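Asks: Could you have a look at this structure, given as structure tokens, before my questions?
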Amino acid sequence: MVGYVKTAMLMAAMTALFMGIGALIGGSSGAVIALVLAGAMNLFTYWNSDKAVLRMNGARAVDDRTAPDFVRLVHDLADRAGMPRPKVYLIDTDQPNAFATGRNPQNAAVAATTGLLRRLTREEIAGVMAHELAHIQNRDTLTMTITATMAGAISMLANFAFFFGGNREREGGVLGGLVVMIFAPMAAALVQMAISRSREYEADRLGAAICGQPLWLAAALAKIDAFAKGIDNPAAEANPAMAHMFIINPLHAHARDALFSTHPATANRIAALQAMVGSAAPQTARMARSSIPRVSRKRPWS
């Protein structure tokens with residue numbers, strides 16, 4: 001519940017920021033126009049975001065014939081969670097990673113990289129996909145898409161505020177426009193990242209409940225984080241605004257839980273999962289760390 005309240009508050013702050021920039025450009029009328037523009041953008045995104053994200057990542061649909069083991073695993077987890085079965089996609093890249101997309105549980109998709117299937121065990125993959133199903137069940141995919149759209153619109157309006165708004169005859173108008181142009185996109189990015197990080201912890205918690213084994217997900221997070229730091233994800237590097245969608249940040253500059261990080265520190269997420277199982281956590285933490293090189297070349301999906 002705390003996570004949902006925090007997300008609502010952050011989205012309200014982003015909306016207020018968006019309207020404030022509109023007001024700077026055109027007063028009260030500008031604020032209303034900015035809000036209408038945001039609504040139109042979000043409506044378009046609502047219906048088309050999943051297709052666009054999958055296309056940008058080069059994802060291909062798979063089914064019971066082309067990837068029977070993986071599709072069956074996803075479907076079994078969805079059935080266990082009591083939710084509609086999502087469409088399943090694969091992305092041909094060696095970096096192990098995964099994400100979910102879609103406007104609601106009835107129109108959702110999960111995508112995993114081929115590197116995830118090659119480098120993780122079946123149990124670890126189950127933990128990852130349970131995490132992605134948790135995002136769908138919580139409707140995080142829609143929330144994150146809307147915040148990404150709002151952040152982009154805020155950046156655009158901030159530039160308008162400097163070049164076309166702010167009444168240059170008014171004292172401080174130019175300086176105020178410059179301040180808005182620099183700091184408004186930064187503030188929007190911070191809000192977007194804060195929303196993303198709050199939702200990751202909740203998806204970890206619910207994902208662990210769906211698969212029934214928190215330490216499967218903990219081991220998977222440790223392994224994906226280690227590989228993501230050394231293996232490129234070309235599609236994500238070309239579209240860094242999508243980084244927040246993946247279970248682990250696919251970009252190379254993501255090592256710590258810093259102000260501008262789209263994800264919580266992996267060590268913090270693992271600690272939270274370990275806390276779910278109490279005294280068994282230290283032993284499994286050692287197992288997760290030692291398992292990285294031992295199974296890095298396993299191919300559990302024939």
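Asks: With region 178-296 as the region, which helices (runs of 4 or more DSSP H) entirely inside it contain at least 3 residues that are more than 17 Å from the chain's Cα centre (by Cα) and modelled with pLDDT under 90?
Replies: In region 178-296, 281-294 are the helices (runs of 4 or more DSSP H) which contain 3 or more residues that are more than 17 Å from the chain's Cα centre (by Cα) and modelled with pLDDT under 90.
Asks: Cβ-Cβ under 8 Å, sequence separation 6+ or interchain: first residue in region 60-72 and under 12 Å from Val110 (Cα atoms), partner part of a loop (DSSP other than H, G, I, E, B) and not acidic (Asp, Glu). Which pairs?
Replies: Final answer for the pair search is Phe70/Trp301.
Asks: Go through region 56-85 and give me each residue that's touching a Phe, Trp or Tyr at 6+ places or on another chain (Cβ under 8 Å) and aliphatic (A, V, I, L, M).
Replies: Correct list: Ala59, Ala61, Val62, Ala67.
Asks: A follow-up question, please. Of the residues that make up region 162-172, is at least one within 21 Å of the chain's Cα centre (by Cα) and at pLDDT below 60?
Replies: no
The values are calculated or read from the model by the stated rules, or taken from the named source; none is laboratory data. Because the structure is a prediction, the values reported are computed rather than measured. We place every Cβ from the backbone using ideal geometry, glycine too, and count neighbours over all the protein chains shown.
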